[in-house]
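Heads up, the thing below is written out as structure tokens.
The values are calculated or read from the model by the stated rules, or taken from the named source; none is laboratory data. Computed from a predicted structure; not experimentally measured. Methodologically, a virtual Cβ is constructed for each residue, glycine included, from the backbone with ideal geometry; neighbour enumeration extends over all protein chains shown.
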Amino acid sequence: MPRILLVACKQEVSTFNPALTHYEDFDITRGEELLRYHRGVRNEIGGALSIFDARDDVQVIPIYAARAITSGGTLAGVDFRRIAAELLQCLRDAPPAGCAYFALHGAMAATDEDDPEGYLLAEARSILGERIPFVASYDCMAF
């Protein structure tokens, strides 16, 4: 049975906003709580879960989700490092899986990391290895 790791880290940042965002501005969920929140929600994770749940041959392993409560200013570096450390530790502790799904935003920025999503994916790759495929979804903007 394919096992899919589910990870999320989402924040909409406006670098014009002078007020920094902090760890306390995020809703952090782990394990089954992550699934309870997103099942039935009309977002990319809810959509993915509706597909996964319709299959008897797929097991979703909810790992970690950090979701900014509101869009805000750049994430303070110390707070990004805390979120990143928690997320990456959860990946280290995760059971073996055949693939990983990362729900990201794509517009996150931290005071000491211009590409937080890229950093998280690179570190996840070093933890999970080259053989496990990754899928990442990002906020889609229509122009």
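Among the numbered criteria (1) under 18 Å from Y138 (Cβ atoms); (2) out of contact with any strand residue (DSSP E or B) (no Cβ under 8 Å at 6 or more places or on another chain), which one does D57 miss?
(1)
So which residues in region 15-28 are in a strand (DSSP E or B) and either surrounded by fewer than 14 Cβ atoms within 10 Å (Cβ to Cβ) or modelled with pLDDT under 95 (or both), if there are any at all?
Step one: list which residues in region 15-28 are in a strand (DSSP E or B), which gives 21, 26-28.
Passing the criteria: only D27.
From the list E44, E32, E12, pick out the single residue that is surrounded by 16 or more Cβ atoms within 10 Å (Cβ to Cβ), acidic (D, E) and within 24 Å of L121 (Cα to Cα). Give the derivation first.
Details: E32 fails: surrounded by 16 or more Cβ atoms within 10 Å (Cβ to Cβ); E12 fails: surrounded by 16 or more Cβ atoms within 10 Å (Cβ to Cβ).
Matching residue, one of E44, E32, E12: E44.
Mind listing just one residue for me: the one in region 60-83 that is touching a Phe, Trp or Tyr at 6+ places or on another chain (Cβ under 7 Å) and buried (at least 18 other Cβ atoms within 10 Å of the Cβ) and, of those, nearest to M1 (Cα to Cα)? Steps first, please.
Narrowing region 60-83 to residues touching a Phe, Trp or Tyr at 6+ places or on another chain (Cβ under 7 Å): 60, 66-69, 79, 82-83.
Next, from what is left, pick out any that are buried (at least 18 other Cβ atoms within 10 Å of the Cβ): 60, 66-68, 79, 83.
Numbers: V60: 10, A66: 27, R67: 29, A68: 33, D79: 37, I83: 30 Å.
By that ranking, first place goes to V60.
Count, please, the residues in region 1-42 that happen to be under 16 Å from the mean Cα position of the chain (by Cα) and either more than 18 Å from Y101 (Cβ to Cβ) or touching a residue at least 40 places away in the same chain (Cβ under 8 Å) (or both).
Number of matching residues: 16.
Can you spot a residue in region 60-67 that is without any contact (Cβ under 8 Å) to a residue 40 or more places away in the chain and touching a strand residue (DSSP E or B) at 6+ places or on another chain (Cβ under 8 Å)?
Our first condition is that a residue be without any contact (Cβ under 8 Å) to a residue 40 or more places away in the chain; within region 60-67, this holds for none.
No; the residues of region 60-67 include none that is without any contact (Cβ under 8 Å) to a residue 40 or more places away in the chain and touching a strand residue (DSSP E or B) at 6+ places or on another chain (Cβ under 8 Å).
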